[in-house]
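Asker: Pasting in a structure now, in structure tokens, and then I'll have a few things to ask.
The values are calculated or read from the model by the stated rules, or taken from the named source; none is laboratory data. This one's a predicted model, so the numbers in the text were calculated from it and none came from an experiment. Every residue, glycine among them, receives a Cβ derived from its backbone with ideal geometry; neighbour counts consider all protein chains shown. Calculation scope for accessible area: heavy atoms of the full protein, side chains included, ligands and nucleic acids excluded. Shrake-Rupley method; radii C 1.70, N 1.55, O 1.52, S 1.80 Å.
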Amino acid sequence: NEFRLKLTNLYDFTPASDFDYTWEMLFNGVEGASGTFSAGNILPGESGETVIQLPDMPKDKEAVLRVYAILKEDKLWAKKGFTVAGEQFVIKPYQFPTELSKSQTMPSVNEKGADIVVSGKDFSIDIDKSNGVLKSYKVNGTEYIVHPLEPYFWKVMNDNQERNRYAERLGPWKDAAANRKVTDVKVDKDTKEKQVSVRFEMTLHVGDVEYALTYKVNGEGEIYVFADYKPLSGKIPLIPKFGMRMAIPKKYSNIQWYGRGPQENYQDRKSGYFFGVYEKPLDKFITHYISPQDNANRCDTRWIRFMSDKNSGLLIEGLQPLSFRAWPYTEDDLEKAKHDYQLPDRDFINVNIDYKVHGVGGNNSWGKRTLPQYTNDGNKPWSYGFIIKPL
């Protein structure tokens, strides 16, 4: 496999031969091969091409190539081997799941008052008919949900956004999820696929909008969640985030994910964060800003594991790339605190599982707005989904 790479030397006086060049191939986020290559002597302001011989690609895995330029010798400002530049290329894209896995047994479904209960041999799932939330997920006697999985559209401001009227412009979305109204509920049994599906039709009071939320459950207790947003008319503000949130037990505070990392990254701050499998405990996953504000988002995530010390926990797989974040506090906690030490350490993990999150902006910090390509247009349709499984 030949990979042809074009290099452009943006230095004013330094030739490309002043650096060594390395490459590594990652398969589903884990390094599978590496090597070196030559860039020749590309002079300042000029471009050149080189060829990298890549290994065979596994059929069922995403293949990502990373390339680096590193210092050949010690400098006053860095040691030999220091990475001066890097880039990544997706050679073979990730195969996202499209549906739940095939099941051997049919789950049962019962309606008890305002609850729709889907259950099987080792699991029980409780969905609230009145508001569409997933309020209980028990597997082998373990409850995974502390606060229900529900639609959620608000992103806490960062410092840049305080001065560009973010709260005023996007404010109608703050309580949009809390004020949603369920207009229809459909429960279906698919005996061929051995799945139960529950579909909610809702209205959101941010304009003339249709919002549908679908849950599918198979006989193994895996849950498929899909949200679909359609604006019908009117002028709807930008959406702070298109997603959902829930709280899970604090014991699952070891976070592993396959996506961009390891540090936080957002739509307009992500190109320098490479794909990989990363792992952090919750207290290292969050970012401690002096002035409490939105933090800890990770973009283009394929899957997330929330694990206890015994490696049990919850797996969330995107049907497409996800943005996600986890905090030991709530959005309200973050908005009320003036200093980092005032943030409480709650006895749960507040998890947002999102599709797209409004960018951080910051072209200046006194009124300039986030560039339009990094915002979420409320007048466009949006949809996304994910699968939840026990570990």
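Asker: Name the residue, out of Ala176, Ala167, that is without any contact (Cβ under 8 Å) to a residue 60 or more places away in the chain, within 29 Å of Glu99 (Cα to Cα) and of a type outside the set (Val, Ile, Thr).
Answerer: Only one candidate qualifies: Ala176.
Asker: Please go through region 42-62 and give me each residue that is in contact with a helix residue (DSSP H, G or I) (Cβ under 9 Å, 6 or more places away or on another chain), within 16 Å of Leu5 (Cβ to Cβ) and not β-branched (Val, Ile, Thr), ordered by number.
Answerer: Glu46, Gly48
Asker: Looking at (1) out of contact with any Pro (no Cβ under 8 Å at 6 or more places or on another chain); (2) within 15 Å of Glu87 (Cβ to Cβ); (3) at pLDDT 95 or above, which is the only condition Gly45 fails?
Answerer: Looking at each condition in turn, Gly45 falls short on (2).
Asker: Among the listed residues Ser383, Ser365, identify the single one that is under 16 Å from the mean Cα position of the chain (by Cα) and among the hydroxyl-bearing types (Ser, Thr, Tyr).
Answerer: Answer to the check: Ser383.
Asker: Residues to consider are Ala178, Ala114; find the one that is at pLDDT below 95 and surrounded by fewer than 20 Cβ atoms within 10 Å (Cβ to Cβ).
Answerer: Every option except Ala114 fails the conditions.
Asker: Would you mind listing the strands (runs of 3 or more DSSP E) fully within region 199-281 where at least 1 residues are open to solvent by 50 Å² or more (accessible area, probe 1.4 Å) and over 19 Å from Leu322 (Cα atoms)?
Answerer: 208-218, 223-233, 274-281
Asker: If Pro55 meets every condition in (1) under 31 Å from the mean Cα position of the chain (by Cα); (2) crowded, with 16+ Cβ neighbours inside 10 Å apart from one, which number is that one?
Answerer: Tallying (1) under 31 Å from the mean Cα position of the chain (by Cα); (2) crowded, with 16+ Cβ neighbours inside 10 Å, Pro55 fails exactly one: (2).
Asker: Further, regarding this structure: Within region 175-196, identify whether any single residue is over 24 Å from the mean Cα position of the chain (by Cα) and of a type in the set (Gly, Ala, Ser), and answer yes or no.
Answerer: Scanning region 175-196 turns up no residue that is over 24 Å from the mean Cα position of the chain (by Cα) and of a type in the set (Gly, Ala, Ser).
Asker: Give the residue that is least open to solvent (accessible area, probe 1.4 Å), with candidates limited to residues of region 360-391 that are among the basic types (Lys, Arg) and at pLDDT 95 or above.
Answerer: Lys389
Asker: Please determine whether any residue of region 85-95 is free of Cβ contacts under 8 Å to residues at least 12 places away in the same chain, farther than 30 Å from Lys186 by Cβ, open to solvent by 50 Å² or more (accessible area, probe 1.4 Å) and within 28 Å of the chain's Cα centre (by Cα).
Answerer: no
Asker: Would you mind telling me which numbered condition in (1) crowded, with 18+ Cβ neighbours inside 10 Å; (2) modelled with pLDDT under 95 Leu149 fails?
Answerer: Looking at each condition in turn, Leu149 falls short on (2).
Asker: Would region 333-349 turn up any residue that is closer than 29 Å to Lys230 by Cβ and surrounded by 14 or more Cβ atoms within 10 Å (Cβ to Cβ)?
Answerer: Within region 333-349, none of the residues are closer than 29 Å to Lys230 by Cβ and surrounded by 14 or more Cβ atoms within 10 Å (Cβ to Cβ).
Asker: Just the residues that are within 27 Å of Asn376 (Cα to Cα), among the charged types (D, E, K, R) and not in a strand (DSSP E or B), please, taken from region 308-352.
Answerer: Listed by number, the residues that qualify are Glu331, Asp332, Asp333, Glu335, Lys336.
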